[in-house]
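Asks: Below is the structure I would like to discuss, written out as structure tokens.
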Amino acid sequence: MPQPPTLLTATPLPPKRKSPHRAGRLILLGLLVLIVWISTTLVFALLAARAAFAGRDALLAARGEIESMQFSAAADSLKRSGDQFRVAQSRLAFITPWDHLPYTGDQLMAIKGLVEGGVQVADVLSSLVGLGEDLLALSDLSKERLLELQQAGEIPHAYATLSLDTKAALLRRLEAASPELLLLSTKLDLIGRSLQQQVSNQAVATLLADVLRPVRAQVGELSERLRGLSAFARVVPSLLGTDKDSHLMVLFLNNDELRPGGGFLGTFAQATLRVGELKEIAAHDSYSLDTPAGGAGAVILPPPVPLERYNNTHGWFLRDANWSPDFPTSTQQVLRLYKHERGQLPPEAQEEWPSEEPDFVFGMTPDVASALLTATGPLMIRDTRITSENISEVLQYESQVGFADRGIPFEQRKTILLELVPKMLERLQALPLSSVRNVLSLLQDQADHRQLMAWARQPSIQDTFTRLGWAGEMSAQGDVQMVVDANLASLKTDPVVLRAIRYEISKNTDGKYVGRTTIRYAHTGSFDYKTTRYRTYVQLYLPSGSELIRATGLLRDDRINDPDGHPGEVDVKTDGGFTALGGFTSIEPSQTREITFDYLLAPSVVSLIDAGTYRLNVIKQLGADDRALTLHLDFGKTLTRASPSEERDHWGDTIYDWSGVLEGKSAFEVGL
């Protein structure tokens, strides 16, 4: 009887063949799942992007509302912005697994960067809304009343009607906000850098980068404004006299007659403020103090040697006080000479001159008044329409010729400023709030061009002026070039004398680095009531340790006093940590003249070149017009980088060539 098959003896069944139809269905199913996943991801990405852009638009709206002091509307916009960004974050959370995929991940990271940046910017703006609401509460103005005043452009007038205690409270809160605003600015800088990384990422789609780029620009602009507002909040409460009277001194520096500290100090004003109210103001001709203080029996201080040698000046008076090209140093000398001259007056005459030492000193050229007139509009003074275009000419004419035609005594020839200053202040105070930013921008531009300078007795405020670029200081690191003219008995000739500066570096036969600075003067004027031959004591400020080799183009005196044109002497001195080379020269109308200084570079500059990173700061003189500047710096080794960059056809050699205009301070860096 046959045995049944066992597990060991049974014949195995043939394997089942997989159906090709089933495999195809599995592949199709996988593709469908993938398509659905990609489609869903794309939908969520688009929804996230749409929410992010809506959040961005709400943020921009909030910013505008904050600037116009519509704090309630700004709070609503910020809420909408926050809601939209939260929606974007929830949509992005769904597609996080795609972050690491090529290209797609870069786009998602860019959108995430926009969302995260938006959330942080919203936090910053919320803080600004809180500050605005604090100030609003302190002002005792209702939101409705504030809106009415804003629409009518009368907020400055409303401030004037507040009580002294309320004004003081507002100013104290503003001052307390200064560090808060600086912190917010720093936060925005960090956000801006993060957005910039996304914009600079080559893998980010052009369309998305184009969306991020203006956001990055807006964040940077807002950061800069907050930094400026922080400085404003730090300075203004003290300037306006929040807790005590604030004493101001304003030096009107006539840059038609250049002096090292900005221009001839022919007029100055003194004012006292308390919580923004002008308690006292008076403008003076400097001679009205200099003349009686230099009378018989007075103690006369010795003047700087060039003033005595080339200007026949036998005493140092207030009008010549700003002999230093460093504004803080000139300010100290102005205050010393003012105090000294006041002390030379009889006791009864001293009472006419304030004894309080100023808390703030401002120096300004007519360029500043011209800029302010673009904001205030023309002013009518003595039946003359003064505009931004003619103010310098009108002031010059009235103080040189017009006063006599009007029967005004010589001693009072500059009283036109007594009429101009109060009218301009009144017009500035009447400007709508929307114009304040424009005025501040104008003032900053004048400071950048070194036409407006500021000094504060309080060190922390002086530090703020330095950070803003208002201090008019000479401080600079690395190599330095600063050409300084002092108009000596040349009337108001400076505007018709064009200047160009050329700086060269090379190695001499001994292998030492040599510098050469050439100053070219072109006198485009003539002889008339305000211009004549140009007589100047010119100085070149260099890093300490520079050694003079030679100078050419200097004269012993002008054409009248020295017809043979003998060469002049070169003075070498140390001033404020710099080496200064100086001498006299004179240029006749319609003529040109070049002054050249050759010198060994300071050891500190040679060390920079040897270390492979050369830095140069070229500083324009206070009060000077813009000047042509040319650099031709041969380091004897190939340049690896340069900022500002050269023209492309100059790349790859040992020489840094650059030509442009010196408007204020220009910084250069060359890698070797």
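Asks: Find the Cα radius of gyration of region 235-344, compare it with 2.2 N^0.38 Å by division, and give the number to two decimals. List each step's numbers first, then the result.
Replies: Values: Rg = 15.4 Å, N = 110, 2.2 N^0.38 = 13.1 Å.
Output field value: 1.17.
Asks: Still on this model: For Gln412 and Glu547, calculate 0.36 nm times their separation in residues minus their Cα-Cα distance, and state this gained length in nm to one decimal. Intermediate values should be presented prior to the final figure.
Replies: Working: separation 135, 0.36 × 135 = 48.60 nm, distance 4.78 nm.
Difference between extended and current length: 43.8 nm.
Asks: Report the local net charge at Phe327: Lys and Arg +1, Asp and Glu -1, summed over other residues whose C-beta lies under 10 Å from its C-beta.
Replies: Details: positive: Arg450; negative: Asp326, Glu473.
After counting each charged neighbour, the total is -1.
Asks: Which of the peptides 376-382, 168-174, 403-409 is most tightly packed, and how do the rest follow, judged by the mean count of other Cβ atoms within 10 Å per residue?
Replies: Working: 376-382: 14.9, 168-174: 19.4, 403-409: 11.6.
Going from most to least packed, we get 168-174, 376-382, 403-409.
Asks: What's the carbon and sulfur percent of region 416-518's accessible surface, probe 1.4 angstrom, rounded to a whole number?
Replies: Working: 2490 of 4540 Å².
Exposed carbon and sulfur together represent 55 percent of the surface.
Asks: Taking the Cα centre of region 548-672 as the origin and placing charges on Cβ (Lys, Arg +1; Asp, Glu -1), which of Ser607, Phe597, Leu581 is farthest toward the positive end of the dipole?
Replies: Checking the options against the dipole of region 548-672, the answer is Ser607.
Asks: Using only the alpha carbons of region 618-657, what is the convex hull's orientation-averaged projected area in square nanometres? Present the calculation step by step, with values, prior to reporting the outcome.
Replies: Numbers: hull surface 13.8 nm².
Averaging across all directions leaves 3.5 nm² for the Cα convex hull.
Asks: Roughly speaking, what is the stretch gain from Glu426 to Met380, that is 0.36 nm per residue apart minus the C-alpha to C-alpha distance, in nm to one decimal? Show your work: numbers first, answer last.
Replies: Details: separation 46, 0.36 × 46 = 16.56 nm, distance 1.29 nm.
Taking 0.36 nm per residue and subtracting the Cα distance, the gain is 15.3 nm.
Asks: Beta carbons within 10 angstrom, averaged per residue: use that to sort the peptides 384-397, 250-263, highest first.
Replies: Values: 384-397: 17.0, 250-263: 26.4.
Result, highest mean Cβ count within 10 Å first: 250-263, 384-397.
Asks: Starting with the highest mean, order 79-87, 293-301, 586-594 by the number of other Cβ atoms within 10 Å, averaged over the residues of each peptide. If you can, show how the numbers build up before the last one.
Replies: Values: 79-87: 18.9, 293-301: 12.4, 586-594: 16.8.
In descending order of packing, they fall as 79-87, 586-594, 293-301.
Asks: Could I ask something else about it? How many nm is it between the label spots at Ser200 and Ser288, if each spot is 7 Å from the Cα in line with the beta carbon?
Replies: Roughly 5.8 nm, to one decimal.
Asks: So between Glu669 and Arg213, what do we pick up on full extension, going 0.36 nm a residue minus the alpha carbon distance?
Replies: On the way: separation 456, 0.36 × 456 = 164.16 nm, distance 2.75 nm.
Using 0.36 nm per residue and subtracting the Cα-Cα distance, I get 161.4 nm.
Asks: How large is the accessible surface per residue of region 369-465, computed with a 1.4 Å probe and reported in Å² as a whole number? Don't skip to the answer; put the middle values down first.
Replies: Details: 4760 Å² over 97 residues.
Here the residues of region 369-465 average 49 Å² of exposed surface.
Asks: Report in % the part of the accessible area of region 295-413 that belongs to carbon and sulfur, leaving out ligands and nucleic acids; probe 1.4 Å.
Replies: Values: 2930 of 5620 Å².
That share works out to 52 percent.
Asks: Sticking with this one: Can you give the accessible area per residue of region 581-647, in Å², using a 1.4 Å probe?
Replies: 37 Å²
Asks: Under 18 Å from the Cα of Lys244, which aspartates and glutamates turn up, not counting those fewer than eight places away in the same chain?
Replies: Asp165, Glu175, Glu277, Glu280, Glu356, Glu357, Asp359
Asks: Remind me, what semi-axes does region 442-483 give for its equivalent ellipsoid, largest first in whole Å, using sqrt of 5 times each Cα gyration tensor eigenvalue?
Replies: Working: eigenvalues 69, 44, 13 Å².
Each semi-axis is √(5λ); the values are 19, 15, 8 Å.
Asks: Let me ask you something else. 7 Å from Cα along Cα→Cβ at both Glu224 and His314: what's the point-to-point distance in nm?
Replies: 5.5 nm
Asks: Distance check, please: which entries in Lys530/Lys573; Lys187/Lys620; Lys414/Lys573; Lys279/Lys414 exceed 28 angstrom between their Cα atoms?
Replies: On the way: Lys530/Lys573 33 Å; Lys187/Lys620 34 Å; Lys414/Lys573 36 Å; Lys279/Lys414 23 Å.
The answer is Lys530/Lys573; Lys187/Lys620; Lys414/Lys573.
The values are calculated or read from the model by the stated rules, or taken from the named source; none is laboratory data. All figures in this text were calculated on a predicted structure; none of them were measured in a lab. We place every Cβ from the backbone using ideal geometry, glycine too, and count neighbours over all the protein chains shown. Please note that ligands, DNA and RNA were not included when accessible areas were found on the heavy atoms of the full protein model with its side chains. Shrake-Rupley method; radii C 1.70, N 1.55, O 1.52, S 1.80 Å.
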